[in-house]
1. Go ahead and collect, in residue order, the members of segment 153-178 whose backbone nitrogen is under 13 Å from a label point 7 Å along the Cα-Cβ direction of Thr138.
2. May I ask for the percentage of alpha-carbon pairs in segment 82-173 that lie more than 22 Å from each other?
3. Given Lys91/Lys163; Lys110/Lys198; Lys235/Lys294; Lys240/Lys275; Lys122/Lys183, which pairs have Cα atoms separated by over 18 Å?
4. How big is segment 227-319 by Rg and Dmax over its Cα atoms, in Å?
5. Any chance you could run the full-extension gain for Arg203 through Glu231? It's 0.36 nm times the residue separation minus the Cα-Cα distance, nm to one decimal.
6. Would you please put 97-105, 189-197, 270-278, 236-244 in order of how densely packed they are, using the mean number of other Cβ atoms within 10 angstrom per residue and starting with the highest?
7. By per-residue mean of other Cβ atoms within 10 Å, what is the highest-first order of 246-259, 289-302, 171-184?
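Every read-out reported here was derived from the displayed coordinates using simple, explicitly stated rules and does not represent laboratory data. Being a predicted model, the structure only gives us computed values, none of them experimental. Because the Cβ atoms are built from the backbone with ideal geometry, glycine has one as well, and the counts that use them run over all protein chains shown.
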Amino acid sequence: MQPIVIERKRPIILKHIKILNLCFKEKERSMLVELVVYFLCQLALRLHTSYLKMAADTVSSQLTESVSNLTIHTKTVETQDVDDLECHDIKYGLPLLDVYKLALCFYKEKEGKAVHFSYEDKLQLVAFTQQVIHGPFTEAVHKLPPLGALDVVGKDRRLAWQKLGNLTSDQARAGFVELLSRKCALFSTFIEAHRREKKEKQRLAKEAEKQKILEEQERLIREAEEKIQQEQREKEESIKRQIQQALNEQTYDQFRKYAEQHYPGDPEKQGALVKQLQEQHYIQYMQQLQAVQKSVTAVKQEINNENNSEESAKKVSHC
């Protein structure tokens, strides 16, 4: 910066040198020229130092103003109540905690790649996350490690965090989501995709649960029917055994005498013949019993048909 200032002052220096050449002798002129150049260099150095100081003050004031602007969105979040927090559930179709987790993942994955945030927005987003994790700054400040003298970013982050005041964790989550949504249009699309994916998973889970319930009901019905059929078979077998036992007792003497006549002196063949005759007699008896049951059923059906015909005729006559 100093050579530039001297270069700008070169015409003034040459002008003064010409004046000195006219007024003084050669030796005096050389001494005065050196003196003038020295004073001009000192002036240029002071101007350069003043310029640097002014630039630093300007940057500092701009940075302070930018950080102080972070309170604009904070005041909005501080005035939120429970109804405002529930609006996020309605807006995104997901609970606030789920939306915040997705927002945090989105910010970590996309920041600096697909999307870019300003320094002030980054400060406020980090402040919201600190508020969620640690609570208000005043309650967590004694647990924080000291910052270095040159850690400007760290100081700005803590200042932004401090300005959040006593926001609750849910309010800080809502503030993070709201700021990210306003600054990045892709975030709403990202949330919508996750919402649809979650809705589809829930639908598939419900269908799977319904299918599981239907299969369980069908299994229970099938087992109940099988149990009833098994009991019916056991009951029929029990009745058949009782009938067969009763028939065997009635015909045993008759069949034994018949077997003794055919196989005299051979008890083994006599027993086999008696058993064979009893089984044949049982089969014939059951066939006759089934035929009788069919006849009875047919008679009952005819009686029912006649009764129905008579009732129909009575109805027609009344009409």
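1. Residues passing the 13 Å test: 162-167.
2. 37
3. Exceeds cut-off: Lys91/Lys163; Lys110/Lys198; Lys235/Lys294.
4. 22.9, 82
5. Result: 5.9 nm gained on full extension.
6. 97-105, 270-278, 189-197, 236-244
7. Put in order of decreasing packing, that is 171-184, 246-259, 289-302.
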